[in-house]
Amino acid sequence: MEFKYNVRDLKFILKEWLPMDEVLQCERFSEYYGLDDIDPILAEGYKVAREVVSPINVEGDKNPVTFADGVVTSPPGYKEVYQFLQKNGWGSSSECVEVDGGMPLTLYKGVAEIIAAACPAMGSNIKLTSGAANLIIKFGSEDDKKRFLPKMLSGEWQGTMNLTEPSAGSDVGDALARSYPTDDPKIWKIKGTKMFITAGDGSLCENTIHMVLARPPEGAKGSPGLGLYVVPKYWVDENGVMGKFNDVTTIAIEHKMGLNGSATCMLNYGENDECYGIMLGSAPDEKGRSKGLAMMFNMMNESRIGTGHNANNQASAAYALASQYAVERVQGYKGGERVTIIKHEDVRRMLLDMKAHTEGIRAMIFKGFWNLDIAENAADKVKAKECADVAAILTPLIKCYGSETTVLMTAEAIQVLGGVGYTKEYPVEQYMRDSKVLTIWEGTSFIHGNDLVGRKMTMEGGEPFKKWMASIKNFIDANKNNADLAKEFATLERAYASAEEVLKQINAWQAAKASKFVNAFAIRSLFVFAQLYVSICLLDQAITAQKILSGLPADHYDLNFYKGKIYSASYYANNILPNVFTLAEVIKRADESVFEIPEEILVIDN
């Protein structure tokens, strides 16, 4: 089946639903982009995805990354596609902050979504290079920028993020990698091992620029003691010229469940005591504290929202394939006639379930991008701060709920295809394998549940979260008399009350220092607020569609699209949102089985 994607929904989000004028009027973009540019940019991005990127997807899965004699080789076509995307403006030069000609994040992510859906294993190469470049832009000196950025943004070099070690995964503060000063205060020797490094090697580029966390000799214990260093595979001089090998050695690649076209590497730094890195930010203070992890969080937060986005892209691509199959596959009877499977009620249920989830999560994601655009670029600093707070709250919702839901949606796509969905004849099974890791990337789901209840709900005394909840209440109050959506808004109002009860319960546990309850119910609490907010986004889109429909003739070619937005909102509110009531009751019940059960009972050992 050929690659297809719901580009129309992206146009609706960018041109009809979000107030994109507020972004496009920001000084950085006002001379370069307008609403009229959205259609041609998305159209060209879709063409690139279908004609250039999609053909390498299945090929990369069948002929994965190889590692032989110390050399990592990417699948056929990957280097050419990576170079094409970077050199033709579909990559890092359009995404990076403070780069002339860079697109608004909201617009760029519309294009990036289509391209990443066409080949998930390729998308991370672009994203990691953008993230590494952004760290240099934000925290590097002018010399650092001149040294690395031109060739990173041109696609000649790529970038990575190096946190995980064999003995330190989510507990980054336990990292053992070390940095040692040299005669030059900016240049440090690096020694250590990093693992699970996506795009850590792979013959896509002539050089790889690693962003590495390491601890200097007098570094404090834990996360505060970590510094951040730019460590190229091949040394780069002050003029940006690549030189000798910098003692960064790939010692293994992971043999993974999915994303087989992407090289996930284990790297040794300084095997021969000849690895050097350039320190970002200031030297450790008198207590041995560095800001390495704080700086790296800029890249991690970009990657967290990007991970949720990539997950939903894959679910959307799987849904598109399932819908194509459903109108072609003849199976069973209706009224004595053989029919295509889309005529069967349960297949229609599954398709609508995928449609509502992918559209609703996409809407939440682009709300996040829109708020980031305003936060980064608005002249009104009060508005920028408010938007930064909203983006911070949405990030764990997008990452955790987006990635967890994608696994369910791709499974549903396989179910629509039936037996052939479980074969490699169609790539829906590949989307299942490729997407599961996204519940783990950039922190497991619990880490993001804990981020929501432990940080985002309590930041600045809880005021930003209260304002976010108030904005939801204001939306409900302003629209609950919508006659055509009365049932949906009644459910939404009840779900909001349940969410308030969950917030009250979490606050009570935190006040009582009952962290075990907060931890045990963190993910379920996150699902409460995520499902509430997705429903808000879908109903808001439905109201926009209602207004547009009221002015369209009965034979308008786009009639079904706008009707579809209302069906998506109605389905989600009536079938998914009631989960919030149950979850709220479960959280308030505070079952203690998890704490009480002896560990021995949980372990199968015979």
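Summary of computed values
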quantity: Flag for ASN507 being without any contact (Cβ under 8 Å) to a residue 60 or more places away in the chain, part of a loop (DSSP other than H, G, I, E, B), out of contact with any strand residue (DSSP E or B) (no Cβ under 8 Å at 6 or more places or on another chain) and not charged (D, E, K, R); calculated: no
quantity: Single unsatisfied condition, TYR533 versus (1) in a helix (DSSP H, G or I); (2) farther than 20 Å from ILE472 by Cα; calculated: (2)
quantity: Residue in region 435-444 that is surrounded by fewer than 23 Cβ atoms within 10 Å (Cβ to Cβ), more than 21 Å from ASN6 (Cβ to Cβ), more than 17 Å from the chain's Cα centre (by Cα) and not hydrophobic (A, V, I, L, M, F, W, C) present; calculated: no
quantity: Residue check for VAL72: in contact with a helix residue (DSSP H, G or I) (Cβ under 8 Å, 6 or more places away or on another chain) and either part of a helix (DSSP H, G or I) or surrounded by 15 or more Cβ atoms within 10 Å (Cβ to Cβ) (or both); calculated: no
quantity: Unique residue being part of a strand (DSSP E or B) and of a type in the set (Lys, Arg) when the list is LYS221, LYS194; calculated: LYS194
quantity: Residue that is farthest from ALA486 (Cα to Cα), among those in region 551-601 that are among the hydroxyl-bearing types (Ser, Thr, Tyr) and within 29 Å of the chain's Cα centre (by Cα); calculated: THR582
quantity: Qualifying residue in region 19-35 (condition: surrounded by 22 or more Cβ atoms within 10 Å (Cβ to Cβ) and either in contact with a Lys or Arg (Cβ under 8 Å, 6 or more places away or on another chain) or under 22 Å from ALA322 (Cα atoms) (or both)); calculated: no
quantity: Residue within region 326-338 that is touching a residue at least 24 places away in the same chain (Cβ under 8 Å), touching a Gly at 6+ places or on another chain (Cβ under 9 Å) and either part of a helix (DSSP H, G or I) or among the β-branched types (Val, Ile, Thr) (or both) present; calculated: no
quantity: Output for region 241-254, where each listed residue is out of contact with any Lys or Arg (no Cβ under 8 Å at 6 or more places or on another chain) and under 17 Å from GLY70 (Cβ atoms); calculated: LYS244, ASP247, THR249, THR250, ILE251, ALA252, ILE253, GLU254
quantity: Lone unmet requirement of (1) touching a Leu at 6+ places or on another chain (Cβ under 6 Å); (2) closer than 20 Å to LYS456 by Cα; (3) surrounded by 21 or more Cβ atoms within 10 Å (Cβ to Cβ) for VAL502; calculated: (1)
quantity: Residue within region 296-308 that is at positive phi and of a type outside the set (A, V, I, L, M) present; calculated: no
quantity: Selected residue [more than 24 Å from the chain's Cα centre (by Cα) and at pLDDT below 95] from ASP69, ASP21, ASP36; calculated: ASP69
quantity: Residue check, HIS255 of a type outside the set (Gly, Ala, Ser) and outside any strand (DSSP E or B); calculated: yes
quantity: Qualifying positions in region 144-167 - of a type in the set (A, V, I, L, M, F, W, C), in a strand (DSSP E or B) and modelled with pLDDT under 95; calculated: MET161
quantity: Near pairs, Cβ below 6 angstrom, 6+ apart or cross-chain, from region 260-273 (free of Cβ contacts under 8 Å to residues at least 60 places away in the same chain) to any residue that is in a strand (DSSP E or B); calculated: GLU271/THR249
quantity: Residue match in region 426-442 (condition: over 18 Å from ALA315 (Cα atoms) and free of Cβ contacts under 8 Å to residues at least 60 places away in the same chain); calculated: no
quantity: Test for GLY306: is it under 20 Å from ASN125 (Cβ atoms), small (Gly, Ala, Ser) and assigned to a loop (DSSP other than H, G, I, E, B); calculated: no
quantity: Those helices (runs of 4 or more DSSP H) lying entirely in region 393-474 with at least 2 residues modelled with pLDDT of 95 or more and touching a Lys or Arg at 6+ places or on another chain (Cβ under 6 Å); calculated: none
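Condition check ((1) surrounded by fewer than 24 Cβ atoms within 10 Å (Cβ to Cβ); (2) in contact with a Ser or Thr (Cβ under 8 Å, 6 or more places away or on another chain); (3) part of a helix (DSSP H, G or I)) across all residues:
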site: LYS79; (1), (2), (3): yes, yes, yes
site: PHE84; (1), (2), (3): yes, no, yes
site: TRP90; (1), (2), (3): no, no, no
site: GLY110; (1), (2), (3): no, no, yes
site: ILE114; (1), (2), (3): no, no, yes
site: GLY123; (1), (2), (3): no, no, yes
site: LYS127; (1), (2), (3): no, yes, yes
site: ALA133; (1), (2), (3): no, yes, yes
site: ILE136; (1), (2), (3): yes, no, yes
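The values are calculated or read from the model by the stated rules, or taken from the named source; none is laboratory data. Remember, predicted model here, so these are calculated numbers, not experimental data. Cβ: placed from backbone, ideal geometry, glycine included. Neighbour counts: every protein chain shown.
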